[in-house]
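The values are calculated or read from the model by the stated rules, or taken from the named source; none is laboratory data. Since we're looking at a predicted model, the values are computed, not measured. Every residue, glycine as well, gets a Cβ built from its backbone with ideal geometry; the counts of neighbours run over all protein chains shown.
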Amino acid sequence: MEKSFGKDFKRGYLRLILWGLERFLNPNVAGKMTANVLKLGADEDEVKLVEAVGKAFEFVGQCDKQDEKFVAWRYTENGVRWKLFFTDWLLWVDSKQKGQGFSYLAQALAHPQHADLIAALNVEKSNEDPLENFRQQFANRAETMRIVSRSQIEHWIAQETPSIQDRTVLHHFANLALINASENVENSNKTTDQKATQLYDNPSAKLLWLASYARATANQQAQLAKRLCTVETDRFWADYIASFAEHDWLGS
């Protein structure tokens, strides 16, 4: 790292974010993606790098112009594990915001385009505030949670759910989260309400979000799938990620 970026940590940090976004947006680019990090923004100063990072985040929010149904975000597509990993990292960044944390998430949840959509995920009609629950669950696990490489992708609503006939809908990004292989095996036949109450000490951030926002009993899984596994809910995540275009990445 030091040989590549010298002592200019801020520029190196911005270039790594830019590389992460490039990998997010173009998972099928030719050549070795990790090698490209040494080229991205190599000749740019901090100001131009900040602009480039902001534009790359904005492109995430506009990705449906080329991919109207978010096909590239689905389980079967190349690069989905990186998209989930990057989303987890952004949730960690969001947790460090001033006040209660998760200010970008709160803003996305309150947006008129998404507010009713996310509220409809509450098929259990719980009186809990899901955002407050998520903040509390995240805070309770903050000391044990780590961003680690996870080899498996979890379908929050299980693929073998008997009440769901077209199980390809479960491949939507909104229904996915990273998980360890052993935990994935144990979760394979559980309903979402069971998963939500049996989380391990180090769940991925998006998995923890699902546990707060998308719980349902066995006879409600199909109803939840109709609301969670949609292009519109995938769009929520794209808009959330794109909102980081306004983030102060240099912490000035």
Subject >> Residues located in segment 75-94, provided they are at pLDDT below 95 and of a type in the set (Ser, Thr, Tyr) >> reply: Thr76
**OP:** List every residue pair whose Cβ atoms lie under 6 Å apart, where the two residues are 6 or more positions apart in sequence or sit on different chains, the first residue falls within segment 77-89 and is in contact (Cβ under 8 Å) with a residue 60 or more places away in the chain, and the second residue, located anywhere, is outside any helix (DSSP H, G or I) and acidic (Asp, Glu).
**Re:** none
Original post:
Restricting segment 28-74 to residues that are closer than 23 Å to Glu232 by Cβ and not in a helix (DSSP H, G or I), which is modelled with the lowest pLDDT?
Top reply: Gln66
Original post:
Only one residue in Lys226, Lys195, Lys206, Lys190 is basic (Lys, Arg), farther than 30 Å from Lys96 by Cα and touching a residue at least 24 places away in the same chain (Cβ under 8 Å). Which one?
Top reply: Lys190
Original post:
Filtering segment 197-223 down to residues that are at pLDDT 90 or above, within 19 Å of the chain's Cα centre (by Cα) and of a type in the set (A, V, I, L, M, F, W, C), which residue is surrounded by the most Cβ atoms within 10 Å (Cβ to Cβ)?
Top reply: Ala214
Original post:
Can you find a residue in segment 115-127 that is part of a helix (DSSP H, G or I) and of a type in the set (Ser, Thr, Tyr)?
Top reply: no
Original post:
Does segment 125-134 contain any residue that is within 25 Å of Asn189 (Cα to Cα) and either surrounded by fewer than 15 Cβ atoms within 10 Å (Cβ to Cβ) or touching a Leu at 6+ places or on another chain (Cβ under 6 Å) (or both)?
Top reply: yes
